[in-house]
1. Looking at the structure I just gave you, is Q133 without any contact (Cβ under 8 Å) to a residue 24 or more places away in the chain and closer than 30 Å to Y235 by Cβ?
2. Restricting attention to region 223-250, and to residues there that are among the charged types (D, E, K, R) and modelled with pLDDT of 75 or more, which single residue is farthest from the chain's Cα centre (by Cα)?
3. Would you tally the residues in region 340-356 being more than 25 Å from R237 (Cα to Cα) and assigned to a helix (DSSP H, G or I)?
4. Which one of A131, A53 is closer than 23 Å to R154 by Cα, touching a Lys or Arg at 6+ places or on another chain (Cβ under 9 Å) and not aromatic (F, W, Y)?
5. Can you find even one residue in region 37-47 that is among the basic types (K, R), modelled with pLDDT of 85 or more and more than 27 Å from R172 (Cβ to Cβ)?
6. Looking at region 145-188 only, could you name the residues that are modelled with pLDDT under 85, crowded, with 22+ Cβ neighbours inside 10 Å and among the hydrophobic types (A, V, I, L, M, F, W, C)?
7. Just give me the residues in region 384-403 being farther than 13 Å from F239 by Cβ and small (G, A, S), in sequence order.
8. Among the residues of region 357-394, count how many are polar (S, T, N, Q), within 22 Å of I251 (Cβ to Cβ) and assigned to a strand (DSSP E or B).
Amino acid sequence: MSTPGSSGVCWSLGRPSKRQREFFLATTRFVAYGGARGGGKSWAVRKKAVLLAAAHPGIRLLLLRRTYPELRENHILPLLAELKGIASYKETEKAFTFGNGSRLRFGYCDAESDVLQYQGQEYDVIFIDEATQFTQYQFSTLTACLRGVAAVPRRMYLTCNPGGVGHDWVKRLFIDRQYQGAERQEDYSFIPAKVYDNEALLANDKSYISMLENLPQDLRRAWLDGDWNVFSGQYFREFSRQLHVAQPFDIPAHWKIYVTLDYGLDMLACYWIAVDEKGRGFVFRELYEKDLIISQAAETILSHAREKADLILAPPDLWNRRQESGKSVADLFAEQGLYLTKTSNDRVAGWMAVKEWLRPIRDEQGGDTARLQIFPQCVNLIRTLPALQYDAARPSDVATQPHELTHAPDALRGFCVYWTVSAKTPRQKRAVWPADLWEDYHNADERGRAYLISKYGDPF
């Protein structure tokens, strides 16, 4: 099959595999293709984009990869060779313009917030190559761009393999077919493809299958067989919206209040957490703002405070002294009236502590409840916590990229690890105080509080 360009030059589709032809002919609003390595996903995306551009004059298409180097190597360079005489390319715009007025633009989302550059833009068709490298937030943001005036059905085409930061939302929509809210089953279709379906690859690189077959078992099942159940990127699989997101309520005055924060010039993530008499935590307030200098950060925290905090927890790096002033961030916060308490910087121990807090516990009726619950207004914590993935080099640690996803969980980590029982200094079993004793504690001075703890036991 060939398509003529504006100059009479013909573009050849080549010989698509059976699965690739299914991908070309799919008509649902969201079409996912792949599931295993070597299935010819990038080739299919490029060909589908050109077919649509040629068939529908004046349409606007967007093709995305996670990073620009991947985008250039997998799509821009091959199409520069394929579309000579058919479409013109402008590097400044990163777009091909076809003779019939159709336009294929390329983009990437290295950081999660990069997707915001597409807000307000209109596209008839959007391609997301390697969709499991994108977060659900990025996917949802892009769906709002799927609109236009051309007489062509609005569609989004995705390619994917198991694993990555987006593993769970892709698996939910296209593999498990579990839908929420306004999502409709008839809008989603999945076309599985394995390396055995890619005749061109098998002919040109006979060693590729051998390489996949020699991988460790889990990777082999994921990359060779396309098994979505053995390879998940989600670090906190304990997290459940149903279990961990609670309806707001008024926090009792006698509960202990913690403020926990993660601060850098790029982002301030700060959370207020109330702990009840049973040691359950409730994250009830969120502060999430970027580009604040130290004084602004302190002022903003103080402006959000509605009650006196028992402790303000922060990571150890805030005690590092700055060359220009000889003072640390903790010192500068103290000058503003915010006195910080240092938490542990042990990342692995901290993440394990978060897992412990997320682990379901039994309630009084014998059902599952959560030791840690989050109010719905803490939108960034709820958004980023389930999006974190394992660090490929250190499976016990959380991946630090995309960096934007780490701020809110890092703040929560400080609180959770503070409550963790240390192997070197084991904590005694916490005492259970009645409400009137808590009231006495909050009305007492430091000496009185120490007396109550010595007499009735430590509830913390």
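The values are calculated or read from the model by the stated rules, or taken from the named source; none is laboratory data. No experiment lies behind these values; they were computed from the predicted model shown. In this analysis, Cβ positions are derived from the backbone assuming ideal geometry, glycine residues included, and neighbour counts consider all displayed protein chains.
1. Criteria not met by Q133.
2. Among them, the one singled out is D250.
3. Keep residues of region 340-356 that are more than 25 Å from R237 (Cα to Cα), which gives 340-342.
Adding the requirement that they be assigned to a helix (DSSP H, G or I) leaves none.
The number of residues fulfilling the criteria is 0.
4. Details: A131 fails: touching a Lys or Arg at 6+ places or on another chain (Cβ under 9 Å).
Just one listed residue meets the conditions, A53.
5. Yes, there is a match, as at least one residue in region 37-47 is among the basic types (K, R), modelled with pLDDT of 85 or more and more than 27 Å from R172 (Cβ to Cβ).
6. V165
7. A392, A393, S396, A399
8. If we filter region 357-394 for residues that are polar (S, T, N, Q), which is where we start, we get 365, 369, 373, 377, 380, 384, 389.
Filter once more, keeping what is within 22 Å of I251 (Cβ to Cβ): 369, 373, 377, 380.
Keeping just the survivors that are assigned to a strand (DSSP E or B) gives 369, 373.
Of the residues in that region, 2 qualify.
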